[in-house]
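Report on one structure; see the data block that follows.
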Amino acid sequence: MAFIDWRVDLETGVGVFDEQHKRLVGLINDLHDAMRSGQGRSVIGSVLQELVRYTDYHFSDEERAFDNYNYPEAESHKRAHSAFIKRMGELTAEYQKGDLTVTADTLKTLVDWLKDHIMGVDKAYAPYLAGKDL
């Protein structure tokens, strides 16, 4: 059983971004599963690397769409992205220092991002981007 199942309330209505968000849910589930089986420490490095790749393509895609379609909340949304990237950098630094709490901190950060950003902030762009050629 997944820690987080993809549900309708997670959808923004913008298909390409919803598919990308599903990848984030998959990473959360992978990390949670590894932690439950006592393997969290052995996978956190690869999860953090994948998060760097994920934020690079996902945030770039969203921000390009904001610019192309003049999304009025683009600047505040981009600031939220920058703050998340900064947090991923902090978690990576903690991991590299051998911090034993980094696995749990990463999971909490991702779950909070899912709840606060994707289910809140991202849903606000749906009326501006739904049905657009992205």
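To the nearest 20 Debye, how big is the dipole of region 58-134 about its Cα centre, given +1 on the beta carbon of each Lys and Arg and -1 on that of each Asp and Glu? Write down the numbers at each step before the final one.
Numbers: 10 positive and 14 negative charges, 16 e Å.
The dipole of region 58-134 has a size of about 80 debye.
What relative contact order, as a whole-number percentage, does the chain give when Cα pairs under 8 Å and 6 or more residues apart are counted?
Working: 85 pairs, mean separation 51.2, N = 134.
Worked out over the chain, it gives 38 percent.
Let me cross-check Y57: its accessible surface, 1.4 Å probe, with only protein heavy atoms counted, in Å² to the nearest 10?
Counting only protein heavy atoms, Y57 exposes about 90 Å² to solvent.
At a probe size of 1.4 Å, how large is the accessible area of K115, to the nearest 10 Å²?
Here the residue's solvent-accessible area equals roughly 120 Å².
Among G45, G13, H32, which residue has its Cα positioned farthest towards the positive end of the charge dipole of region 1-46, with +1 placed on the Cβ of Lys and Arg, -1 on the Cβ of Asp and Glu, and the dipole taken about the Cα centre?
G45
Give me the one-decimal nm value for the distance between modelled label points at K132 and R7, 7 Å along each residue's Cα-to-Cβ direction.
Roughly 2.8 nm, to one decimal.
If you compute volume of the Cα convex hull per residue in Å³ for the structure shown, which of (1) 138; (2) 102; (3) 91 do you land on?
The value computed from this structure is option (3).
Averaged per residue, what accessible area in Å² does the chain show with a 1.4 Å probe, protein chains only? Walk me through the numbers on the way to the answer.
Details: 7170 Å² over 134 residues.
Ligands and nucleic acids excluded, the result is 53 Å² per residue.
How large, in percent, is the carbon and sulfur part of the accessible surface of region 75-134 at a probe radius of 1.4 Å? Walk me through the numbers on the way to the answer.
Details: 1850 of 3330 Å².
Roughly 56 percent, rounded to a whole number.
Mind checking the dipole of the chain: about its Cα centre, +1 per Lys or Arg Cβ, -1 per Asp or Glu Cβ, Debye to the nearest 20? Please report the intermediate quantities before stating the final value.
Numbers: 16 positive and 23 negative charges, 61 e Å.
The calculated dipole for the chain is roughly 300 debye.
Could you calculate the contour length gain from D116 to E63, that is, 0.36 nm times the residue separation minus the distance between their Cα atoms, to one decimal place in nm? Working shown, then result.
Values: separation 53, 0.36 × 53 = 19.08 nm, distance 1.83 nm.
Contour length minus Cα-Cα distance gives 17.3 nm.
Might you work out the accessible area of E94 for me, using a 1.4 Å probe with all protein chains in place, and round it to the nearest 10 Å²?
40
Any idea how far apart S46 and L100 come out in nm if each label point goes 7 Å out from Cα toward Cβ?
2.4
Can you spot the lysines whose alpha carbon is less than 17 Å from K86's alpha carbon? Ignore those fewer than 8 places along the same chain.
Reachable lysines: K78, K97, K108.
The values are calculated or read from the model by the stated rules, or taken from the named source; none is laboratory data. Computed from a predicted structure; not experimentally measured. Glycine gets a Cβ as well: all are built from the backbone with ideal geometry, and neighbour counts include every protein chain shown. All accessible areas refer to the heavy atoms of the entire protein, side chains included, with ligands and DNA or RNA removed. Shrake-Rupley method; radii C 1.70, N 1.55, O 1.52, S 1.80 Å.
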